[in-house]
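Heads up: the structure comes next, in structure tokens.
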Amino acid sequence: MLLARFKVSGHSMEPQIKNGEEVLVTGIIYLFKKPKINDIVAFKKDKKVLIKRIIGIDDDKYFVAGDNKNDSLDSKTFGLISKRQMLGKVI
Amino acid sequence: MNGRKDWDSMRIKSLLKLLPLKQAFAHCDIPCGIYDPHLAQMAAHTMIRMTQMLGEVKRESETKAEHDIARMTHVKEDHADVLEEELETLRNDYFKEEHFRKYPRLNDLFIKTLNAAGKARQSIDIKAAQEALAGAQEIAEIFFKTKGVKSIRVKTVYPTGGEIVLHK
């Protein structure tokens, strides 16, 4: 993904990203370097685009979680994210 | 120098606005199956009530009137948040593609209801608040159809009167 604009629905990334906030996502950055812990990323899951933070890396699999622990679902429930699912980094 | 930077930043922002806006989710989307259109209807009733009360504020004391207006506006704003959040949860998490195919007016109904909620939030507009409630009631009826239960409209016990959609 070159560059895309998303409106974020949900509270799981608050306070960094608020419900209704617009963010930019680019995949270009990951052509040159690998995603790293603490990156906020957009990825595809069940035809939906989700936004979470990388909190762990295992080879080319990424363990993601929301910042707002009261309102977020982490990778334990929907599994690790593969690089193929990754759309890009929130910038 | 700063002026030039601000101008460049404004131009970049304007260009970025040309990108199509897509939707991304940062929800708690644990498939718990606990969905109910009740809260959306209660929030719409509260918005109607706050709108009515804003029209009835007495001007005997300016300070008290300003204080009451501030509180009622705050409550109306909070319940617009609840209404929008509940509708978005139903639209994004509960209703699936097959529901939107089976009930073709469902998508327009969400758009119409969210627009009415936004209008009722921004102004003192009883008609918009009532439209938001009517939309939430219709969505509730479709919701109960998808659950295979019969919906009924019952008179509320709220000061707003009107009805609320429940199921048998």
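Quick note: the coordinates plus some simple rules give every number you see, no bench work behind them. None of these values were measured; they are calculated from a predicted model. When we count neighbours, we look across all protein chains shown, and the Cβ atoms used for this are built from the backbone with ideal geometry, even at glycine.
Brief remarks on what is shown
- The residues packed around B:HIS167, meaning those with a beta-carbon under 12 Å from its beta-carbon, carry a net charge of +3 if Lys and Arg are +1 and Asp and Glu are -1.
- Listed cross-link partners A:LYS89/B:LYS112; A:LYS83/B:LYS96; B:LYS76/B:LYS155; A:LYS34/B:LYS17; B:LYS17/B:LYS112 are compared with a 30 Å cut-off, the Cα-Cα value being larger for A:LYS89/B:LYS112.
- Residues whose amide H falls under 5 Å from that of A:GLY88, counting only those 5 or more places apart or on a different chain, are A:ALA42, with hydrogens built in the peptide plane.
- For the protein assembly as shown, calculated [θ]222 nm from helices alone, where every DSSP H run of n ≥ 4 adds -39500 (n - 2.57): -14000 deg cm²/dmol
- For the protein assembly as shown: rounded, prolate or oblate by the Cα gyration tensor [a/c cutoff 1.5]: oblate
- Near A:VAL8: Cβ cut-off under 9 Å, other residues only, Lys/Arg at +1 and Asp/Glu at -1. The net charge is 0.
- Amide H contacts of A:SER9 (H built 1.01 Å from N, in plane; Pro and chain starts excluded): A:GLY20, B:ALA24, B:PHE25, B:ALA26 sit under 5 Å, all sequence-distant by 5 or more or on other chains.
- At R0 = 45 Å, FRET efficiency that the Cβ-Cβ distance of A:ASP58 and B:TRP7 yields, to 0.05: 0.50
- Charged neighbours of A:PRO35, selected by a Cβ distance under 9 Å, balance to +4 (K, R count +1; D, E count -1).
- Taking GluC sites (Glu not before Pro) as exposed when DSSP calls them loop and at most 10 other C-beta atoms lie within 10 angstrom, chain B has its longest site-free stretch at B:61-168.
- Extension gain for B:ASP108-B:LYS127 works out to 5.0 nm (0.36 nm per residue, less the C-alpha to C-alpha distance).
- Its Kirkwood hydrodynamic radius, worked out from the mean inverse distance over all distinct Cα pairs, puts chain A at 13.0 Å.
- Label point at B:ARG153 placed 7 Å out along Cα→Cβ; residues across the stretch B:92-120 whose backbone nitrogen lies under 18 Å: B:106, B:109-110, B:113
- Isotropically averaged projected area of the stretch B:17-81, using the convex hull of Cα atoms (one quarter of hull area), nm²: 7.8
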